[in-house]
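The values are calculated or read from the model by the stated rules, or taken from the named source; none is laboratory data. Keep in mind that what you see is a predicted model, and the values were worked out from it rather than measured. Every residue, glycine among them, receives a Cβ derived from its backbone with ideal geometry; neighbour counts consider all protein chains shown.
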Amino acid sequence: MFKFVKPETVGYNSSTFLNLRNKLDNYNLRIHTLMIAKGNNIFFNINNGVYNENSIHRMYSETKSLVSLAIGLLYDDKKIKLTDKLSKYFPEYINKKTDKVLLNQTIEDTLKMGTCLTCEDWFTSKYKDRVELYFNQKHNRHCLDKFEYDSAGSMVLSALVEKVSKKDLYTFLYERILKYLKYFDNAYILKCINNRTWGDSGLMCSTIAMLSLGRFLLDKGKVGNKQLLSKEYINKATKKYLSTSKEIARCKRYGYGYQIWMVKDGYAFLGMGNQVTIIYPKLDIVVSMTGNAFDKVPFARDFIFDNVYKAITTKEKLNNKKVLINPKIDIFKNVSINKELISKYKNKTFKCSKGFINSFRLIGNEKNCSLEFLINKKKYVINLKGNLTKKTKIKDIFSKERIVKLPKYDTYDLYVGIEESSKNRLLLQGQVMGDYFSVIKLEIIFKEKSVNLNLKSYAENFFRKYNVNY
């Protein structure tokens, strides 16, 4: 479907996109992949070397936009009406105590994020079934009063699709749309422990797959001679309904459609951590990106949106001076460990009186050092080598409390780099990669006979249990 070309092939100068690549790389925005296509021509493609355009990656809330497309298929099949009440499809959860406003919430209200409630956190709820949890809530606003991000509502829409279609959400979408796009053969969606599809966050697929999905919407639901999803539904889904002017990220203030964000001159699927697919209809351009920028919100997203938009709307004469664009960008911008720090504190064991870390010590030299942690009488080692990023493994100590199925169980790749280092302070940045993503920051402030240790995680709920301050 896609072919890779130089920017000049689609009317741009290579130098414009070399400047874009360098600017994005210099700001350490934790980009994993970034692709831009005009028509079927991919003319910009960068990645961090760990991931590329074909790597399977967690897409987080971009999953919601796929749920919208699945609702569209049911709408086209006349199996549902958008004005149907959501509760109609889940009578098993309805009783005399069910909130009356929630009883009247429609499918369309839910698509628009114009729902009537803010749902309890499902990671800590007594309800393991998220649909049951949803219908046991009480309203705190009326439907369509305002935009209020409702991730749980998207999960209920996903469950509705499975109930009506009698198929797994991914299977339903694959058979009707995704198999025709050619890039979704090895994709999947994570499951909850009750075997419901994690319909608001669990999509696992490649960057180029999302690029093809953006192209599908630009082509108004048509692949070749097949009209797979109606133009009518796509037009409905990509239209602004509710204002999102209060959103923190400036790029998200253009309004909301059916589980799809409006952006300047287009619309987008947006997922936590900078999983992004942007569709620009007037420019015939799709942008697809993955990342791990959990600790750089909202700056990273606004910066990338602004600079990509500036590049693709640049009007300039072609100079035919093709320049080489290095496709690899740094996974981190690392510094070396401070010489005074390593010489003064190496080989000393620091015991921790609280938290899950029992003790730790710094070993080695400025060119090749490690941090050894003792956790529940088991040793964990983070290797640091000069200013290079090193790969290690971490195990989720609290995995038994998780309520989500994981194909890769509880072990993740951890890429660790040094963000800052002075004679008495060491700040490490870690990127957790796998079926889950997170940024973990470890700050150690050394004193003569003790240390302050601060450990903070971003993103998934279960990683928050690593947060310590002592």
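Select, from Leu178, Leu218, the only residue that is within 30 Å of Phe44 (Cα to Cα) and surrounded by 24 or more Cβ atoms within 10 Å (Cβ to Cβ). Break it down into steps so the answer makes sense when it comes.
Working: Leu218 fails: surrounded by 24 or more Cβ atoms within 10 Å (Cβ to Cβ).
One residue alone meets the criteria, Leu178.
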Exercise for the section: Using the structure shown, decide if Phe462 is at pLDDT 85 or above, aromatic (Phe, Trp, Tyr), more than 20 Å from Thr290 (Cα to Cα) and not assigned by TED's automatic domain parsing to the domain that holds Leu203. Expected result: no
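Would you mind stating whether Ala311 is among the small types (Gly, Ala, Ser), over 30 Å from Thr115 (Cβ atoms) and at pLDDT 90 or above? Step through it out loud before you land on a result.
Values: among the small types (Gly, Ala, Ser): yes; over 30 Å from Thr115 (Cβ atoms): yes; at pLDDT 90 or above: yes.
Yes, satisfied.
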Within the stretch 242-301, restricting to residues that are hydroxyl-bearing (Ser, Thr, Tyr) and surrounded by fewer than 24 Cβ atoms within 10 Å (Cβ to Cβ), the one that is nearest to Leu211 (Cα to Cα) is Tyr280
Picked from the stretch 132-162 (must be within 20 Å of the chain's Cα centre (by Cα) and more than 15 Å from Lys88 (Cα to Cα)), the residue surrounded by the most Cβ atoms within 10 Å (Cβ to Cβ) is Met155
Residue pairs within 6 Å by beta carbon, gap of at least six or interchain, first lying in the stretch 255-275 and under 13 Å from Ser288 (Cα atoms), second among the hydrophobic types (A, V, I, L, M, F, W, C) and in a strand (DSSP E or B), listed first then second, are Tyr267/Ile279; Ala268/Trp261; Ala268/Ile278; Leu270/Trp261; Leu270/Val276
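Given the residues Met262, Met204, which is the only one that is out of contact with any helix residue (DSSP H, G or I) (no Cβ under 8 Å at 6 or more places or on another chain), closer than 18 Å to Tyr174 by Cβ and in a strand (DSSP E or B)?
Numbers: Met262 fails: closer than 18 Å to Tyr174 by Cβ.
Sole residue among the options that is out of contact with any helix residue (DSSP H, G or I) (no Cβ under 8 Å at 6 or more places or on another chain), closer than 18 Å to Tyr174 by Cβ and in a strand (DSSP E or B): Met204.
Residue-by-condition table, conditions (1) at pLDDT 95 or above; (2) in a loop (DSSP other than H, G, I, E, B); (3) closer than 27 Å to Tyr267 by Cβ:
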residue	(1), (2), (3)
Ser288	yes, no, yes
Phe303	yes, no, yes
Glu316	no, yes, yes
Leu324	no, yes, no
In the stretch 229-245, anything part of a loop (DSSP other than H, G, I, E, B) and in contact (Cβ under 8 Å) with a residue 60 or more places away in the chain is listed as Leu229, Ser230, Tyr241, Ser243, Thr244
If we ask which residues in the stretch 443-459 are of a type in the set (A, V, I, L, M, F, W, C) and over 19 Å from Ile375 (Cβ atoms), their number turns out to be 3
Among residues of the stretch 338-358 being under 18 Å from Val381 (Cβ atoms) and within 33 Å of the chain's Cα centre (by Cα), the residue surrounded by the most Cβ atoms within 10 Å (Cβ to Cβ) is Ile357
